[in-house]
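The values are calculated or read from the model by the stated rules, or taken from the named source; none is laboratory data. The shown structure was predicted, so the numbers you read here are calculated from the model rather than taken from an experiment. All Cβ positions, glycine included, derive from the backbone under ideal geometry; neighbour counts span all protein chains shown. Note: accessible area is taken over every heavy atom of the protein model, side chains too, but ligands, DNA and RNA are not part of it. Shrake-Rupley method; radii C 1.70, N 1.55, O 1.52, S 1.80 Å.
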Amino acid sequence: MSPPYPVELLTLFPGMVSGYLGASILGKAQEKGLLSATVTDIREYAEGKHRVTDDAPYGGGAGMVMKPEPLVAAISAARARLPGAKVLLMSPRGATFTQVTARELVAHTAGLILVCGRYEGVDERVMSHLDGELSLGDFVLTGGEIAAMAVVDAVARLVPGVLGNVASSVSESFEGGTLEHPQYTRPPVFQGVEVPAALQSGDHARIARWRRWKSLVLTRERRPDLFARLTLSKADEKLLARREEEL
């Protein structure tokens, strides 16, 4: 059995993330020895009676800035625990995190160390101790904890064995460049809306056609940017030319 994929989160608010990491799929992954998730309080590396981790910005301005000394000390200690792990700061100016990024990170088996920023930002001198910065998108959060949990969740799902069904991770949105097709379960009719006939047919080829057709249609309607990057096969083009009742 392969060793667990190691993840460590550096944060000023460990209580925010420890509960999430110990629940549901992530918790079960740790119980199975597939994932190792550690939460470290940055304040443990701050000096002085009050363990101060922030200070006013040079040049003035609103808010406070995370001090370099405790952060660099926490990062150095984490690197010693996880040699070779990638160290990434969750930051709105970082590279956008995507499903492709998640696959690249899970392939880096030495693991992942995520630094959760807070306040107005992190002292720039910390950057030389990082391997990069990651962002969830063009918006600003109060801190990096929510973003870090999202990254861990997305990466952990790709660790072999974490999901009960291997097909689950390869059929989801973005895996094939398209959005995922809609999902239905019982009852067959709810509030007058019926499950598509193709899904009730028992015909696996027909079900596959419908799912591919719906994925293409949804991507074209909701994410034209993704659709524009697709290389459509002749079969895809024929599918898009058909109506649902013709599938």
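Can you pull the percent of the range 1-149's accessible area that's carbon plus sulfur, 1.4 Å probe, other chains left in place?
56 percent
Work out the length of the dipole vector of the chain about its Cα centre, built from +1 on the beta-carbon of each Lys and Arg and -1 on the beta-carbon of each Asp and Glu, and round it to the nearest 20 debye.
With only Lys, Arg, Asp and Glu charged at Cβ, the dipole is about 720 debye.
Be a star and scan the range 217-247 for residues whose amide nitrogen sits under 18 Å from the point 7 Å along the Cα-to-Cβ vector of Val189.
So the set is empty, nothing qualifies.
Using the heavy atoms of the protein chains and a 1.4 angstrom probe, tell me the accessible area per residue for the chain in square angstrom.
With all protein chains present, the chain gives 57 Å² per residue.
Which peptide among 108-117, 198-207, 138-147 comes first, and what is the full order, when sorted by highest mean count of other Cβ atoms within 10 Å?
The peptides rank, most packed first, as 108-117, 138-147, 198-207.
Between Arg243 and Arg220, with labels modelled 7 Å along Cα→Cβ, what's the label distance in nm to one decimal, could you check?
1.5 nm
Cα gyration tensor of the range 33-102, axes a ≥ b ≥ c as square roots of the eigenvalues: rounded (a/c below 1.5), prolate (a/b > b/c) or oblate?
Cα axes put the range 33-102 in the oblate bin.
Evaluate Rg over Rh across the range 91-225, taking Cα atoms for both radii and Kirkwood's formula for Rh.
Result for the range 91-225 is an Rg/Rh of 1.08.
Which of Gly59, Tyr45, Ala110 sits closest to the plus end of the dipole of the range 42-116, meaning its Cα is farthest towards the positive end, when Lys and Arg get +1 and Asp and Glu get -1 on the C-beta?
Final value for the positive-end residue is Ala110.
With r defined as the distance between the Cβ atoms of Met127 and Ser24 and R0 fixed at 35 Å, what FRET efficiency is calculated, to the nearest 0.05?
0.55
Any number yet on Rg/Rh for the chain, C-alpha, Kirkwood?
The Rg/Rh ratio comes out at 1.08.
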